[in-house]
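The values are calculated or read from the model by the stated rules, or taken from the named source; none is laboratory data. Just so you know, these numbers come straight off a predicted model, no measurement behind them. So basically every Cβ, Gly included, is an ideal-geometry build from the backbone, and we count neighbours across all protein chains shown. Heavy atoms of the whole protein, side chains included, go into the accessibility calculation; ligands, DNA and RNA do not. Shrake-Rupley method; radii C 1.70, N 1.55, O 1.52, S 1.80 Å.
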Amino acid sequence: MIIYTAQSGDTLYSIARRYGVTLSELERYNGLPESSRIAIGQDILIPSNNNTYIVRPGDSVYSIAVKEGVSTADILRENPSLTEPYTIYPGQVLLIPKDEANKKNIDVNGYCYPNINRDILRQTLPYLTFLSIFSYSVLSDGTLSSINDEELIRISKEFRTAPVMVVTNTVEGSGFDSDLAGTILTNSAVRSTLISNIVSTARSKGYSGVDIDFEYIYPSNRTDYNSFLTELKAALTPYNLSLSTAIAPKLSATQVGTLYEAHDYAFHGKVADRVIIMTYEWGYLYGPPLAVAPYSEVKKVISYAVTEIPSEKILMGMPNYGYDWTLPYREGTAADILSINSAMLRAVNENADIEYNESSKAPFFEYTKDGQNHIVWFENARSTMARLELINDYNLGGVSYWTIGSLFTQNWRVIDSMFNIRKL
């Protein structure tokens, strides 16, 4: 697989001819509609017997060869433009011979809502180890809300993907609720009732495990939350049900804030089978324009996380969306949420050139409509590949996508070219 970045004057047809593939094959491989126009700066994937590697600061041909498990001669053969002294530069794309036997096995989790389009679900499930269905909300008496999940559980098993029951402290219409979490966690009788209901629901529905996504827990309830997870793990184990937790992206054990303090990285690393770190939302709905998951910030979180959590338990969060902000940004105003395909289409329709920020390793573009300036941050093949390389750098267990509700075909092509996705 080769990542090609469209230049001025390019069309899908001209790119297909240049690389000796058919137009229909190129459209299918990239998940693009027929006769699709493309934007300058848009990433186009080319089917190839090679993988691609994006050069980083400090890399050499030799260090890349060692990292990728190939010889320097292999790299030089596939990249004839390299001549002595084989100088390379950050951002340069090199072709790396495929070595399927040496690809790392990883877990891939995808969150979805019960109303997910079934065609999108079926196209995505081949790339997932776990399907986490969002969500059962806890009630103050320890009972659970109900969701329509039976069909999703059945379909996931058809694709050898393990269905996971997601439990949250959300209140309909208002999101995650700190008071609700406190009520549940500090009352031992209610906590016991909740655990009993979780286990019985997971068993009766045919789930393979449980994912606890409690957010905005009061710092004073940190120990109570740890106790709840300990008790839940003990209750799940006899039935061979796994436990995963979703936690905030922290930079240190002492980071302050209601989002962070009750999430005890070291404890989650001990009690949970998998720990999903929500490494996204630096650029968020009501915040200022930023990349959703800047590489530099994600790397800081992962660098800290592996000091507290066994690296093989960590699933790094990956966003499957972008935002369109109106400029100048005004605090408290909402951005427009976009699927990746919608973001690329917007660039095409607005005749905007897509740029790539090297620090964030993320694409963006600007345009003007009806007298208003806009900026869009989203994801592409290069940003996806850059963050996925952190899996090898830190020996992570895999990744977790929020959410799989829209199909970004290029993402799955990239991850499939880099890793073997574990199936249960």
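General observations
- Taking only protein heavy atoms and a 1.4 Å probe, the accessible area of the range 349-388 is 34% carbon and sulfur.
- For the chain, modelled as a GNM whose springs connect Cα atoms under 10 angstrom apart, the maximal fluctuation among 305, 246, 266 occurs at 266.
- For the residue pairs 104/361; 98/250; 98/361, alpha carbon separations beyond 30 Å are given by 98/250.
- Each of the peptides 412-419, 367-374 was scored by the mean count of other Cβ atoms within 10 Å over its residues; in descending order, highest first, they stand as 412-419, 367-374.
- Measuring nothing but alpha carbons in the range 11-52 and taking Rh as the Kirkwood radius, the Rg to Rh ratio lands at 0.92.
- Probe 1.4 Å, accessible area per residue of the range 185-327, Å²: 36 Å²
- Using the Stokes-Einstein relation with a Kirkwood hydrodynamic radius computed over Cα pairs, the translational diffusion coefficient of the range 254-410 at 20 °C and a viscosity of 1.002 mPa s comes to 129 µm²/s.
- From its DSSP helices (H runs of at least four residues, each -39,500 (n - 2.57)), the chain gives a residue-normalised ellipticity at 222 nm of -10000 deg cm²/dmol.
- With Rh defined as the Kirkwood radius, the inverse of the mean 1/r over Cα pairs, the Rg/Rh of the range 198-314 is 1.00.
- Accessible surface of the range 48-193, 1.4 Å probe, proportion on carbon and sulfur as whole %: 49 percent
- Dividing the Cα radius of gyration of the range 1-105 by 2.2 N^0.38 Å, with N the residue count, gives 1.19.
- Our Cα-only numbers for the range 113-224 put the radius of gyration and Dmax at 15.0, 44 Å.
- Whole-Å distance, taken between Cα centres, linking the range 352-377 and the range 152-195: 37 Å
- Other-chain or far-sequence residues with amide H under 5 Å of residue 96's (modelled H): 51, 52, 53
- Other-chain or far-sequence residues with amide H under 5 Å of residue 292's (modelled H): 283
- What the Kirkwood sum gives for the range 277-337 is a hydrodynamic radius of 12.8 Å, with every pair of different alpha carbons counted.
- Protection proxy ranking, peptides 186-192, 376-382, average beta carbon neighbours within 10 Å, highest first: 376-382, 186-192
- The local environment of residue 247, defined by Cβ-Cβ distances under 10 Å, has a net charge of -2 under the rule Lys, Arg +1 and Asp, Glu -1.
- Quarter of the Cα convex hull surface for the range 56-145, i.e. its orientation-mean projected area (nm²): 10.4 nm²
- Residue-count net charge about residue 150 - beta-carbon cut-off 15 Å; Lys, Arg +1, Asp, Glu -1: +2
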